[in-house]
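To start, the structure under review is shown below, and the notes come after it.
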Amino acid sequence: AGITQPLWEQYRIGYSPKLERVILPIYKDNKLIWFQARALQKGQSPKYLQPSADRSSVMFESLSNDEATEVVIVEDILSAIVVGKSAKTFSMLGTKITTQQAAYLGKYDLVTVWLDPDKAGRTGAYKIRKTLALVTDVKNIVTPLDPKELSDKEIKEQLCQL
């Protein structure tokens, strides 16, 4: 996904040789609260390993612009890191939004939903927009590729079109 070494270090991304997976951590107040172990090899299943604990209030947050009044939400951590270079971005760790996540995101003036272009992403984006529209302004971005597969320039162009 074009994650550079400085970003790798900034987000404290790890690697497990035993699992042959990238470890994508989520920290809150400098404490590890969640992680995903993402497959690297084609055909490696499941794509993600993660704790089986309740994650209803867990979201990955990009490290950019803490004063933002507008945010982008994406499905996965890698997309949040890549889009997070251009805008405050959260990953919901999937295509469904929880009540706790919606309540937290409702504090922003504008939430832009940018999920993957597959059927699950399109369905999820529609439901998320319906939920968040009750508490804040919501926009949607649809691209032929996952956000993490776009260049920084393409991401900025999509965000500027809002």
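The values are calculated or read from the model by the stated rules, or taken from the named source; none is laboratory data. All figures in this text were calculated on a predicted structure; none of them were measured in a lab. When we count neighbours, we look across all protein chains shown, and the Cβ atoms used for this are built from the backbone with ideal geometry, even at glycine. For the accessible areas, the whole protein counts, side chains as well, though only heavy atoms, and no ligand, DNA or RNA atoms are used. Shrake-Rupley method; radii C 1.70, N 1.55, O 1.52, S 1.80 Å.
Fully extending the segment from THR69 to VAL142 would add 24.1 nm, taking 0.36 nm per residue of separation and subtracting the current Cα-Cα distance.
Shape of the range 70-162 from its Cα gyration tensor (a ≥ b ≥ c, root eigenvalues): rounded if a/c is under 1.5, otherwise prolate when a/b > b/c, or oblate? Judged from the Cα gyration tensor, the range 70-162 comes out prolate (a/c at least 1.5, a/b above b/c).
About the centre of its Cα atoms, the chain shows a dipole size close to 500 debye [charges on the beta carbon of Lys, Arg (+1) and Asp, Glu (-1) only; nearest 20 debye]. Based on DSSP H segments of at least four residues, each scored -39500 (n - 2.57), the chain has a per-residue ellipticity at 222 nm of -7500 deg cm²/dmol. Beyond 24 Å in Cα-Cα separation lie the following of the pairs LYS47/LYS153; LYS18/LYS42; LYS31/LYS130; LYS28/LYS119; LYS85/LYS127: LYS47/LYS153; LYS31/LYS130; LYS28/LYS119; LYS85/LYS127. Measuring nothing but protein heavy atoms, the accessible surface of the range 45-162 at 1.4 Å probe radius is 50 percent carbon and sulfur. Dipole size of the range 1-60 about its Cα centre, with +1 on Lys/Arg Cβ and -1 on Asp/Glu Cβ: approximately 140 debye, rounded to the nearest 20. Over the Cα atoms of the range 1-85, Rg to Rh with Kirkwood Rh, two decimal places? Ratio of gyration radius to Kirkwood radius: 0.95. Solvent-free Debye calculation, one equal scatterer per alpha-carbon of the chain: log10 I(q)/I(0) at 0.12, 0.17, 0.20 Å⁻¹ equals -0.50, -1.05, -1.48. Looking at the chain, the accessible area is 56 square angstrom per residue; that uses a 1.4 Å probe and ignores ligands, DNA and RNA. The HN-Hα couplings worked out from phi for the range 122-134 by the Karplus form 6.51 cos²θ - 1.76 cosθ + 1.60 (θ = phi - 60°) are 5, 5, x, 4, 4, 5, 5, 4, 4, 5, 6, 4, 6 Hz, whole numbers, x standing for Gly and Pro.
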